1. Is there any pair with a first residue in the stretch 168-184 that is basic (K, R) and a second that is surrounded by 10 or more Cβ atoms within 10 Å (Cβ to Cβ) and modelled with pLDDT of 50 or more whose Cβ atoms are under 7 Å apart and which are 6 or more apart or on different chains, and what are they?
2. Sort out which residues of the stretch 87-134 are charged (D, E, K, R) and under 16 Å from P145 (Cα atoms), and write them in order of number.
3. Can you tell me which residues in the stretch 61-115 are small (G, A, S), without any contact (Cβ under 8 Å) to a residue 60 or more places away in the chain and under 16 Å from I131 (Cα atoms)?
4. Restricting attention to the stretch 133-157, and to residues there that are buried (at least 19 other Cβ atoms within 10 Å of the Cβ) and out of contact with any Leu (no Cβ under 8 Å at 6 or more places or on another chain), which single residue is nearest to P10 (Cα to Cα)?
5. Within the stretch 8-31, can you find the residues that are within 18 Å of L87 (Cα to Cα) and surrounded by fewer than 17 Cβ atoms within 10 Å (Cβ to Cβ)?
6. Here are some residues: E117, E25, E59, E102. Which one is outside the structural domain of Q164 (by the TED database), among the acidic types (D, E) and at pLDDT 95 or above?
7. On the given criteria, is E111 assigned to a helix (DSSP H, G or I) and acidic (D, E)?
8. Can you confirm whether the stretch 132-139 contains a residue that is part of a helix (DSSP H, G or I), under 16 Å from V26 (Cα atoms) and modelled with pLDDT of 95 or more?
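The values are calculated or read from the model by the stated rules, or taken from the named source; none is laboratory data. Predicted model only: the values in this text are computed from it and were never measured. Positions of Cβ are generated from backbone atoms using ideal geometry, with glycine treated the same way; all protein chains shown enter the neighbour counts.
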Amino acid sequence: MQYTGIQNSPLGEILVVDDGKAILEVRFLDFTLSPHNKNFSIKTQFKKSAFLQSNLAKESCKQSSLTLTAFSQIEEYFAQKRKVFTLPLNPKGTAFQKSVWEILRTIPYGEILSYGEVAKRLNKPNSARAIGGANHNNPIAIFIPCHRVINANGSINGYASGIQKKIELLKLEGYTPKKGLRKL
């Protein structure tokens, strides 16, 4: 059985989906902070979300204790009281995507890496673009911190929920563009 909940955050509504044992999805549902991508819509995220495709219309949202704990940890994160998420995760993806997401989970709060640096940690130094693709398909936002990956020149681009959300998450963690790729 899958459980779900939708809760407001400082950056809009967040959907959490779990199976009672692990978090399956964490997605932003409010895209009002996404002015840079005119074609971006909630339909895009609905298509990506296996839960939304198969279950949202079938039954009302049911929350588990894991759903509630996830929301509690998200609230603590936005209040800058949590820097590490401690819930079990089970993202759906290819073997390559999962290996990228495991590396992303090792990037500490307040630090960033470039796509190339993630590729090097994966021992695939020429796969920076593929790293970007894995980031874009990350089903568990914030918990798998793909927002902590930026361009080698320090510029910020690409985030499935809109670049402005990525900027706001990085600011929350102390990022300023002048600091480049150094520890924040």
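1. Short answer, once both residue conditions are applied: K183/E111.
2. Looking only at the stretch 87-134, we keep the residues that are charged (D, E, K, R), and these are 92, 98, 102, 105, 111, 117, 120-121, 124, 129.
Scanning the stretch 87-134 gives K92, K98, E102, R105, E111, E117, R121.
3. G93, A95, S99, listed by residue number.
4. Here the residue is A141.
5. D19, G20, K21, A22 - these are the residues of the stretch 8-31 that are within 18 Å of L87 (Cα to Cα) and surrounded by fewer than 17 Cβ atoms within 10 Å (Cβ to Cβ).
6. The match here is E25.
7. No, not satisfied.
8. Scanning the stretch 132-139 turns up at least one residue that is part of a helix (DSSP H, G or I), under 16 Å from V26 (Cα atoms) and modelled with pLDDT of 95 or more.
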